[in-house]
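Step one of this worksheet: look at the structure below.
The values are calculated or read from the model by the stated rules, or taken from the named source; none is laboratory data. In this text, all values refer to a predicted model and were calculated from it rather than measured experimentally. Reconstructed Cβ throughout: ideal geometry from the backbone, glycine too, with neighbour counts over all protein chains shown. Surface areas here come from the heavy atoms of the whole protein model, side chains and all, with no ligands, DNA or RNA. Shrake-Rupley method; radii C 1.70, N 1.55, O 1.52, S 1.80 Å.
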Amino acid sequence: MAPAARLLLALLAAAAAAVGPCAGAGAGAGRVDLWPMPASVARGAQTLLVSRDLKLSTPGSNYSDGRGILREAFQRMLAVVELDHVVNGSYGGRGSPVLAGVRVVVRSPNDELNFGVDESYKLSVPATGNPLYAQIEAQTVFGALHALETFSQLCKFDFNARLIELHSAPWTIMDVPRFHYRGLLIDTSRHYLPVPVIKSVIDSMTFSKLNVLHWHIVDEQSFPLQIPSYPKLWNGAYSYSERYTFDDAIDIVQYAEKRGVNVLAEIDVPGHALSWGVGYPSLWPSATCKEPLDVSNDFTFQVINGILSDFGKIFKFKFVHLGGDEVNTSCWTTTPRIKSWLIQHGMNESDAYRYFVLRAQKIAISHGYDIINWEETFNNFGDKLDRKTVVHNWLGSGVAQKVVTAGLRCIVSNQDKWYLDHLDATWEGFYMNEPLTNIYNPEQQRLVLGGEVCMWGEHIDASDIQQTIWPRAAAAAERLWTPIEKLAKDPGSVAARLARFRCLLNQRGVAAAPLAGYGRSAPSEPGSCLRQ
């Protein structure tokens with residue numbers, strides 16, 4: 001954690017005491033409807049009006065905003081606050097102070113989105129002053145983006161006055177994420193997702209402060225991405241139109257970066273790669289036995305090297321995901337020339353699996369990446385993995401504990417709780433899934449980078465992806481953002497707040513499903529959004 005974030009954590013309790021009662025359930029005028037819940041919240045009882053001409057100003061900030069990250073985020077914030085209502089009421093005779101603008105001070109001039117970037121912020125909204133300005137202080141612009149999202153959730157449209165109101169001022173909110181890695185996986189191989197849909201998912205992630213889009217780009221079914229080094233790879237796409245150009249991928253990454261979201265690219269090797277051989281059949285063990293990739297052929301590793309070389313021009317995140325899961329090695333032992341190669345090199349099929357994964361790791365490291373692999377690699381040969389490896393837990397519980405005991409880093413996505421394609425996995429399970437279960441040593445706890453909810457694409461496409469992701473992903477997002485001592489021990493106590501957040505997502509154009517029922521359920525009867 002960055003020094004500024006550690007300092008913020010140390011100041012939280014003192015700050016809360018200095019400004020008044022903590023705004024939890026039952027404080028002040030009622031429940032605090034923020035999601036995810038910040039680290040420290042205090043508030044008053046004054047209602048403010050928000051100027052129709054709310055201004056952004058940056059006096060004293062060290063950040064020049066040359067790329068327009070802050071300016072564009074402010075405009076997006078205004079749009080979601082207004083919710084496309086016509087804001088044309090009169091301030092005269094209302095008797096409420098008017099908030100004239102938001103002043104933002106960013107200490108760092110740097111806007112490079114690195115892993116572990118300081119995302120902390122302080123948001124203050126005064127109740128008195130003329131003119132009145134909300135104040136945001138953050139170490140980086142990415143902390144300021146989170147502050148603007150929190151500010152947007154404080155604002156409500158008043159249908160009688162036709163103005164934006166902000167209740168319960170003064171507010172003092174100090175916040176810092178619990179985990180650096182707060183991810184969502186999308187899968188564009190099982191079904192193609194058009195670029196605007198991917199961008200809409202990125203936008204929706206920012207509302208609950210998720211910060212890593214894990215892009216599972218290719219799999220056995222299709223290879224939709226253009227790879228200039230090996231241009232026939234995307235012959236494995238479903239169709240001519242269901243593809244992403246090299247520039248599309250760059251555009252998606254830049255779109256995400258300006259919203260504080262890293263893009264993690266995955267190529268899953270050596271299994272899950274049948275589509276690679278459509279363009280380059282020599283990658284298959286044989287014409288009748290097509291995966292995993294041919295371990296005996298140097299061309300296989302030349303292609304992996306070319307892909308990762310091209311990735312380096314697109315994906316700037318510190319990590320690349322190399323898969324490594326669900327490898328059925330039978331094609332290696334039933335293909336005579338590969339079986340002969342194994343014998344010549346003194347390998348059995350398990351040795352060859354390890355050889356493939358470790359050789360692919362070395363290629364990725366040569367391109368400057370740290371590696372993420374699915375947990376089977378750790379389960380089979382964890383002591384041989386490069387120390388730059390992050391083990392991605394998905395099969396079940398207890399794995400993270402073993403990984404960090406071995407001194408490796410871990411990301412938690414256990415499928416029984418955090419797989420969104422499991423429609424019987426309820427939001428309550430998403431909320432209560434704790435990445436640090438049975439991990440008590442502080443040094444080992446720091447090796448858990450965070451967690452990720454996974455939207456595998458076998459049964460979703462552009463028509464239903466958002467209602468399958470939300471609101472369950474938001475339940476996990478609070479687990480990954482909010483300090484553990486402020487998380488609910490009973491998910492029922494946050495149900496009303498999450499229901500309101502789900503309605504807010506709907507109002508912002510995100511097709512989030514009702515809380516009631518299983519994932520992607522429909523409303524059961526006519527009624528208010530808040531009661532679904």
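General remarks:
- Annotation note: of 203, 248, the sole residue that is open to solvent by 40 Å² or more (accessible area, probe 1.4 Å), within 26 Å of residue 277 (Cβ to Cβ), of a type outside the set (Lys, Arg) and part of a helix (DSSP H, G or I) is 248.
- Output for segment 457-477, where each listed residue is in contact with a helix residue (DSSP H, G or I) (Cβ under 9 Å, 6 or more places away or on another chain) and either open to solvent by 30 Å² or more (accessible area, probe 1.4 Å) or assigned to a helix (DSSP H, G or I) (or both): 459, 461, 462, 465, 466, 469, 472, 473, 474, 475, 476, 477
- Unique match (being more than 27 Å from residue 401 (Cα to Cα) and in contact with a Lys or Arg (Cβ under 9 Å, 6 or more places away or on another chain)) among 329, 333, 377: 333
- Filtered residue count, segment 261-298, keeping only those that are in a loop (DSSP other than H, G, I, E, B) and open to solvent by 10 Å² or more (accessible area, probe 1.4 Å): 12
- All positions within segment 376-397 that are surrounded by fewer than 16 Cβ atoms within 10 Å (Cβ to Cβ), over 23 Å from the mean Cα position of the chain (by Cα) and assigned to a loop (DSSP other than H, G, I, E, B): 386, 387
- Failed criterion for residue 485 (all others in (1) free of Cβ contacts under 8 Å to residues at least 40 places away in the same chain; (2) part of a loop (DSSP other than H, G, I, E, B); (3) farther than 29 Å from residue 508 by Cα hold): (2)
- Flag for residue 451 being among the small types (Gly, Ala, Ser) and in a loop (DSSP other than H, G, I, E, B): no
- Yes/no for residue 204 being among the small types (Gly, Ala, Ser) and under 30 Å from residue 321 (Cα atoms): yes
- When residues in segment 405-448 are screened for being surrounded by fewer than 21 Cβ atoms within 10 Å (Cβ to Cβ), aromatic (Phe, Trp, Tyr) and assigned to a helix (DSSP H, G or I), 0 of them pass.
Yes/no matrix, rows are residues, columns are (1) open to solvent by 60 Å² or more (accessible area, probe 1.4 Å); (2) without any contact (Cβ under 8 Å) to a residue 24 or more places away in the chain; (3) touching a helix residue (DSSP H, G or I) at 6+ places or on another chain (Cβ under 7 Å):
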position	(1), (2), (3)
338	no, no, yes
344	yes, yes, no
354	yes, no, yes
361	no, no, no
371	no, no, yes
374	no, no, no
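- Residue within segment 209-218 that is assigned to a loop (DSSP other than H, G, I, E, B), in contact with a helix residue (DSSP H, G or I) (Cβ under 9 Å, 6 or more places away or on another chain), farther than 28 Å from residue 450 by Cβ and at pLDDT 95 or above present: no
- Among the residues of segment 169-197, those identified as touching a residue at least 40 places away in the same chain (Cβ under 8 Å), more than 30 Å from residue 48 (Cβ to Cβ) and not in a loop (DSSP other than H, G, I, E, B) are 181, 182, 183, 184, 185, 186, 187, 195, 197.
- Selection within segment 26-44: residues that are without any contact (Cβ under 8 Å) to a residue 24 or more places away in the chain and more than 24 Å from residue 161 (Cβ to Cβ). The member of this set that is surrounded by the fewest Cβ atoms within 10 Å (Cβ to Cβ) is 26.
- Looking across segment 45-79, the residues that are crowded, with 20+ Cβ neighbours inside 10 Å and in a loop (DSSP other than H, G, I, E, B) come down to 61, 63, 65.
- Scope segment 312-330; condition crowded, with 22+ Cβ neighbours inside 10 Å and not in a loop (DSSP other than H, G, I, E, B); matching residues: 319, 320, 321
- Total residues in segment 493-532, condition part of a helix (DSSP H, G or I), of a type outside the set (A, V, I, L, M) and modelled with pLDDT of 95 or more: 8
- Given (1) open to solvent by 30 Å² or more (accessible area, probe 1.4 Å); (2) under 28 Å from residue 152 (Cα atoms), number of the condition residue 494 does not satisfy: (1)
- Test: residue in segment 108-115 that is at negative phi, within 16 Å of the chain's Cα centre (by Cα) and modelled with pLDDT under 95: yes
- In summary, residue 162 fulfils each of the numbered conditions (1) crowded, with 17+ Cβ neighbours inside 10 Å; (2) charged (D, E, K, R); (3) out of contact with any strand residue (DSSP E or B) (no Cβ under 7 Å at 6 or more places or on another chain) with the single exception of condition (1).
- Filter result (aliphatic (A, V, I, L, M), more than 30 Å from residue 183 (Cα to Cα) and surrounded by 13 or more Cβ atoms within 10 Å (Cβ to Cβ)) within segment 80-124: 87, 98, 99, 100
- Residue selected from segment 174-200 under the condition under 19 Å from residue 266 (Cβ atoms) and among the aromatic types (Phe, Trp, Tyr), by the criterion most open to solvent (accessible area, probe 1.4 Å): 192
- The set of residues from segment 237-257 being closer than 26 Å to residue 392 by Cα and in contact (Cβ under 8 Å) with a residue 60 or more places away in the chain comprises 249, 250, 253, 257.
- Subset of segment 125-148 [within 17 Å of residue 51 (Cα to Cα) and either modelled with pLDDT of 95 or more or crowded, with 17+ Cβ neighbours inside 10 Å (or both)]: 125, 126, 127, 132, 133, 134, 135, 148
- Beta carbons closer than 7 Å, at least 6 apart along the sequence or on distinct chains, pair a first residue in segment 510-532 that is touching a residue at least 24 places away in the same chain (Cβ under 8 Å) and within 16 Å of residue 420 (Cα to Cα) with a second that is of a type in the set (Asp, Glu) and open to solvent by 60 Å² or more (accessible area, probe 1.4 Å) for 518/424.
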